[in-house]
Amino acid sequence: MRTLLLSTLVSVAFASIATPTVAQQSTGAGPSANASRYGIAVVDVSYIFKEFQQFRTAMDGMKKEMEAAEGQLKAERDAVQAKEEQRKQYKPGSPEDKQLDEEIARAKADFNLKAGRIRKDFLEREAKVYYQTYMQVSNAVQHYAQQHNIGLVIRFNGDPVDPNRRESVLQAINKPVVAQNNIDITPDVLALLNRGGTETDAAPASAARAGATQRR
């Protein structure tokens, strides 16, 4: 059961902050400076999920709840193990042995049912948070594109390539976006989301970062 719960925790754990994408141009302009000019943009949805404060807060809350649930399940599992140790004191087939055997069987069945319900509940809640966050991100991207006369937004991954990891190299080879010239609207969309809405003026987010702060 510990493995099952920990696997859920791992699934919601946040990856470390990545470093700047090699496709980013060091021209002193903002990362999205050319998006309106070309009418096309790219956005790193995975990065937004990692840095969207509302999503992180929800995931942190669920993580704490899962840790508490795991602690409760561990206590119940230890109680069952204590009964199994106690059973060794009795002669096999004795009335005491049979009684403890029945108690242990019921306790194990109850434990498995409870653990299954808890895991299912957390997985369903996690999926709901991911879905709601994705819809928020999608709506923010659409709003930003409409406000800045952008006709196409392509999803890309700005994570750097680790030449020592085969999987990382293969992912880089399969990236749909090979290069982009200051059309990355990820910082603007993230800022818009973290401000709590789809304000009409999202341009200052890029201006504030121009030549000063790189996204990663």
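Which of 186, 94, 135 sits farthest toward the positive end of the charge dipole of segment 45-193, with +1 on the Cβ of Lys and Arg and -1 on the Cβ of Asp and Glu?
94
Considering only Cα-Cα distances, which of the following residue pairs are longer than 18 Å: 83/120; 74/114; 74/128; 74/98?
Details: 83/120 28 Å; 74/114 12 Å; 74/128 27 Å; 74/98 25 Å.
Cα-Cα > 18 Å for 83/120; 74/128; 74/98; rest within.
Is the C-alpha gyration tensor of segment 30-168 telling us rounded, prolate or oblate? Criteria: a/c under 1.5 is rounded; beyond that, a/b larger than b/c is prolate, otherwise oblate. Each step should come with its number before you reach the end.
Values: a/c = 5.05, a/b = 3.30, b/c = 1.53.
It is prolate, given that a/c is not under 1.5 and a/b is the larger ratio.
Using a Cα-Cα cut-off of under 15 Å, which aspartates and glutamates could be cross-linked to residue 63, ignoring same-chain neighbours fewer than 8 residues away?
The qualifying aspartates and glutamates are 121, 124, 126.
Report the label-to-label distance for residue 84 and residue 132 in nanometres (one decimal), using points 7 Å from each Cα along the Cα→Cβ vector.
It is 3.9 nm.
Readers should treat all values here as calculations from the given coordinates under stated rules, not as data from a laboratory. Remember, predicted model here, so these are calculated numbers, not experimental data. Don't worry about glycine lacking a Cβ; one is built from the backbone with ideal geometry, like all the others, and counts go over all protein chains shown.
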